[in-house]
Amino acid sequence: MIKLSTKGRYGTRLMLNLALHYEEGKEAVVLKNISNEEDLSIRYLEQIIIPLKIHKLVKSVRGAGGGYTLAKHPSEITLCAIIEVLEGSCALVDCVEDPDSCERMTECATFEVWKEASELLKNYFESITLQDLVKIAKKKSR
């Protein structure tokens, strides 16, 4: 089974939570609040936030009222960007991203299938923004 790790899933929930607060006009949110709202470990969130900050998807705000906020508008952050920061490439197999990883690539018929499936997956994740997830979340909370 191909599946995202908890890092990717929880990181997406973290980013969605920040997007929802961003929409409400809140400057920054402390991880403890996100931990409580999402029922996720604060320690795990502290690990997940680091690569998101390094890749400039989130920014930290210091001082009173400090915490974390999105570095860009939710419409500018794709699901693909989040997944790639937390999980790595959206490619299903290594050879799609790194041709040197397999000696059989030129004669491998399945390579074409993995390549096309990876492109479909990546394009799908590229087409979904945090703004889209905010709309879905608001619809589901009615």
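For LEU86, the requirement of being open to solvent by less than 20 Å² (accessible area, probe 1.4 Å), in contact with a Lys or Arg (Cβ under 9 Å, 6 or more places away or on another chain) and either outside any helix (DSSP H, G or I) or of a type outside the set (Ser, Thr, Tyr) (or both) is met. For segment 28-44, the condition holds for no residue, the condition being that it is open to solvent by 20 Å² or more (accessible area, probe 1.4 Å), out of contact with any strand residue (DSSP E or B) (no Cβ under 7 Å at 6 or more places or on another chain), assigned to a loop (DSSP other than H, G, I, E, B) and in contact (Cβ under 8 Å) with a residue 12 or more places away in the chain. Checking each residue in segment 95-122 for being under 20 Å from the mean Cα position of the chain (by Cα), within 17 Å of LYS3 (Cα to Cα) and open to solvent by 70 Å² or more (accessible area, probe 1.4 Å) picks out GLU119, LEU120, LYS122. Note on segment 73-94: among residues that are of a type in the set (A, V, I, L, M, F, W, C) and under 13 Å from ILE128 (Cβ atoms), the one that is nearest to the chain's Cα centre (by Cα) is ILE82. Applying the condition of being surrounded by 14 or more Cβ atoms within 10 Å (Cβ to Cβ) and small (Gly, Ala, Ser) to segment 59-83 and asking which residue is nearest to LYS3 (Cα to Cα) yields ALA81.
The values are calculated or read from the model by the stated rules, or taken from the named source; none is laboratory data. Predicted, not measured: the structure shown is a model, and the values here were computed from it. Cβ coordinates were reconstructed from backbone atoms using ideal geometry, including for glycine residues, and neighbour counts include every protein chain displayed. Remember, those area values only see protein heavy atoms, side chains included, never the ligands or the DNA or RNA. Shrake-Rupley method; radii C 1.70, N 1.55, O 1.52, S 1.80 Å.
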